[in-house]
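Notes for the one structure printed next.
The values are calculated or read from the model by the stated rules, or taken from the named source; none is laboratory data. Note that the structure is predicted; figures quoted are calculated from it, not measured. Counting neighbours? That spans all protein chains shown, and the Cβs are built from the backbone with ideal geometry, glycine included. Surface accessibility is based on the protein's heavy atoms, side chains included, excluding ligands, DNA and RNA. Shrake-Rupley method; radii C 1.70, N 1.55, O 1.52, S 1.80 Å.
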Amino acid sequence: MTQKEIKLVKEGDINQPMRVLLVTDEQDLKTLRKKSKNIRNEEIKDNPDLQYFIQRLTRTLDEEMGVGIAAPQVGVNVNLFLFVRLDKPDYPVQVAINPKITGHSKEMICFEDDGCLSIPDFSGNSKRWTWVDVEYRNEKGELIKERLEGYSRKDNFTGIIFQHEFDHLQGVLFTDKLCD
Ligand SMILES: [Zn+2]
């Protein structure tokens, strides 16, 4: 994180949600469109600023009642997001740092009613893979490799959440991926 980003994170209490940036604000949109930067692996585990940020981002996701949130959505352009594990019991929140998509299905589907905390009052169908092979580090710095499946709104769409949040780190929004 840059000094400016650390300052933003530390402005509030550790359990205080952060302000979610919106596409309707010109300055916010610039941050949302920026490509985020990797966090060095050795700076994950014993980095109090990063752990503070993860805690505040988790509180923000909870407050907004979302299924995922990416760091740039609160003004921090680092490669980190949270996604809710709809594929696991009790739906734990997973931290993904420096994520990669290493493989994906051949087929694409139109995921119905995609939405975003940064895009108020709009939903649409987005083009997504049915599954993705992913790699990322958790908040302890441990490397996780797995296949994420699920694109059913009624049941499990964990693979879709990962794709949506991953796009945020590239400055891509779901409105760029709408089905024809
Ligand atoms: Zn979003």
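Overview of results
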read-out: Number of positions in the range 1-36 that are of a type in the set (D, E, K, R), surrounded by 13 or more Cβ atoms within 10 Å (Cβ to Cβ) and within 25 Å of GLY115 (Cα to Cα); value: 4
read-out: Residue that is surrounded by the fewest Cβ atoms within 10 Å (Cβ to Cβ), among those in the range 159-180 that are in a helix (DSSP H, G or I) and among the polar types (S, T, N, Q); value: THR175
read-out: The listed residue being open to solvent by 20 Å² or more (accessible area, probe 1.4 Å) and of a type in the set (A, V, I, L, M, F, W, C), out of ILE69, ILE101; value: ILE101
read-out: Count - residues of the range 86-107 that are of a type outside the set (Lys, Arg) and within 19 Å of HIS168 (Cα to Cα); value: 11
read-out: Number of the condition not met by ASP113 [criteria: (1) without any contact (Cβ under 8 Å) to a residue 24 or more places away in the chain; (2) part of a strand (DSSP E or B)]; value: (1)
read-out: Residues (basic (Lys, Arg) and either within 11 Å of the ligand (Cβ to nearest atom) or in contact (Cβ under 8 Å) with a residue 60 or more places away in the chain (or both)) located in the range 121-176; value: ARG137, LYS140
read-out: Test: GLU107 is among the acidic types (Asp, Glu) and touching a residue at least 12 places away in the same chain (Cβ under 8 Å); value: yes
read-out: Residues being over 15 Å from CYS116 (Cα atoms) and assigned to a helix (DSSP H, G or I) - total across the range 49-82; value: 11
read-out: Qualifying residue in the range 134-145 (condition: exposed (fewer than 13 other Cβ atoms within 10 Å of the Cβ), among the basic types (Lys, Arg) and at pLDDT below 95); value: no
read-out: Qualifying residue in the range 15-26 (condition: within 16 Å of the ligand (Cβ to nearest atom) and among the polar types (S, T, N, Q)); value: yes
read-out: Qualifying residue in the range 108-126 (condition: under 29 Å from ASP46 (Cα atoms) and at pLDDT 95 or above); value: no
